[in-house]
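Accompanying notes for the structure given below.
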Amino acid sequence: MKTDIYNTHINFSDIRKRFGQKQILDNSEIEITSGKCILLCGKNGSGKTTFLRIIAGLETPDSGFVNTGLGKYHWKKCRQQLRNSVVYLHQQPYMFEGDVISNLNFSLDNKLKQKQRLQRIRSALEWAGLESIAENSAKTLSGGELQRVAITRAWLRNPKILLLDEPVTNMDYESRLRTIDLLLNLKQQGVALVVSSHDPVHFEALTDNWLQLSEGRLSDYTSSENITPIHYKKYIYEHTY
Amino acid sequence: MDDSTSITLEAIHLLFSGDTELWAIIGVSFQVSTTAILISVPPALIIAFILAYADFPGRRLLISIFNTLLAVPAVVIGLTFYLLLSRQGILGDWRLLFTQSAMVMGQAALSFPILVAMGHAAFQAIDKRAWETARTLGANRIRAFYTVMKEARFGLLAALFSAYGRIIAEVGASMMLGGNILNYTRNIPTAIALETSKGEFSQGIALGLVLIILAFTLNTFLQYFQGKGHLSN
């Protein structure tokens, strides 16, 4: 259904954000490429969520520039463009009133006819293995189901970039595998992923680039060493706790 | 049969016999109050939403002002609009005093703070993620607003019914701005006040019954929409 590979290459630079006296982000920079996954790590309150929300166009930075390959523009000028191509998933995704189908329906273009809508929803349910809960109330889903419905809902929106805030927190082993499997599939389809997590081990198969957010700045750990997630976890532990 | 029973029976007979004067009064009430609520709902809900979701200087002060306005008596609203619409008033040239339009203005002003304050509480109860999820999934501002309204519908319906219940039963503003003119500005509460002062209790009771039936219908409707009426598991 969605097999085209996007040619997304977006650079965010000079991202700054201050909350009161605290400088959350200070000259942070990130480069997002289609079909690649960036894992964003950092301790609680380091600004991971704020950073993702700025990329998604949901939070206004104090300063920031976006380069989509057509030139470097101020974040404000690109806000609408970001909203059109980026989907952000909260740590605890929000489900609207109604069943899973109506939640998936929300992402679809209003111009689509009812028949096309149903067809796309059916394919999406099949893609994510959610057929058995299609008519369940979205408000009563378990953590793993909730995350997979949210990913599927985002997938129906055809995002170029998908941002996930702690997507496997408090999940059992099986739910975690199924969620990561969906993300792998999205990556193969060409969607750029940025995942924030304090536990990189879960994303070993998914991640191409490990970034650490500390004192408002992003550092690229992979550029200095040939790491494994275990090394990285040790590194994070040493630098954050 | 004692006096009160016979008056009540007479009131019921009056109500169901299709008395034209009585039904004209009921018609004026519903027409004026429905128009007033339709005028005030859209701006009130937008303000309620902005107060709940946006962050701007003076936001808390505005919330306090709307909460304070809840306590303003109908007769004070009536007096304010009377002064505005009287010949010497700023809006005197509009010649609206003692018309249904004046009553609509007064009732809209009365319902506005109720809708804002209760609407704000209803929106505040909905997670901010609802708005953000709608926006990140491609909804424009109008669709996202509609989505959040849908999520907050029970609280918003309660606000709507409370505001409607308040204005259809208020007497002060309607009396001052409408003038209680038969078949034109006489509505249920002003008619009850007039008939009772004349000692004609049956029409007053009949009209009172209409208000009670209305209140019961609105509350039943709200209960039906709210579903179970207790905490979910």
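Coordinate-derived values only; no laboratory data. All values reported here derive from a predicted model rather than from experimental measurement. In this analysis, Cβ positions are derived from the backbone assuming ideal geometry, glycine residues included, and neighbour counts consider all displayed protein chains.
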Kindly provide the pair-distance distribution of the protein assembly as shown built from C-alpha pairs, with 10 Å bins from 0 and whole-percent values in order of increasing distance. 4, 16, 21, 18, 14, 11, 9, 5, 1, 0
If you take the charge dipole of the protein assembly as shown about its Cα centre, with +1 on Lys and Arg Cβ and -1 on Asp and Glu Cβ, which of B:Met118, A:Ser102, A:Thr152 is farthest toward its positive end? A:Thr152
Apply the Kirkwood formula to the stretch A:18-148: the hydrodynamic radius equals the inverse of the mean of 1/r over all pairs of different alpha-carbon atoms; give it in Å with one decimal. 17.5
Between 0 and 90°, nearest 10: helix B:74-85 axis offset from chain B longest Cα axis: 90
Could you give the length gained by full extension between A:Arg217 and A:Lys115, i.e. 0.36 nm per residue of separation minus their alpha carbon distance, to one decimal place? 31.9 nm
Residues listed by number, the stretch A:43-64, amide nitrogen under 16 Å from A:Ser13 label point at 7 Å toward C-beta: A:63-64
Radius of gyration, Dmax [the stretch A:86-162; alpha carbons; angstrom]: 11.5, 33
May I ask for the angle, rounded to the nearest 10°, between helix B:141-151 and the longest principal axis of chain B, with both axes built from Cα atoms and the value confined to 0 to 90°? 70
GluC sites (Glu not before Pro) within the stretch A:115-184, DSSP loop, no more than 16 other Cβ atoms inside 10 Å: A:Glu135
Return the loop-located chymotrypsin sites (Phe, Trp or Tyr not before Pro) in the stretch A:1-100 (DSSP other than H, G, I, E, B) with at most 16 other Cβ atoms within 10 Å of their own Cβ; answer none if there are none. none
Counting other beta carbons within 10 Å of each Cβ, put A:Thr8, B:Thr136, A:Thr140 in order, fewest first. A:Thr140, A:Thr8, B:Thr136
Rank these for me by crowding, B:Asp55, A:Asp62, going from fewest to most other beta carbons within 10 Å. B:Asp55, A:Asp62
Within 10 Å of the Cβ of an average residue in B:124-136, the count of other chain Cβ atoms is 5
For chain A, alpha-carbon Rg over 2.2 N^0.38 Å: 1.01
Would you mind working out the magnitude of the charge dipole of chain A relative to its Cα centre, with +1 at each Lys and Arg C-beta and -1 at each Asp and Glu C-beta, to the nearest 20 Debye? 960
Over all directions, average the projected area of the Cα convex hull of the stretch B:3-212 and note it in nm². 14.3
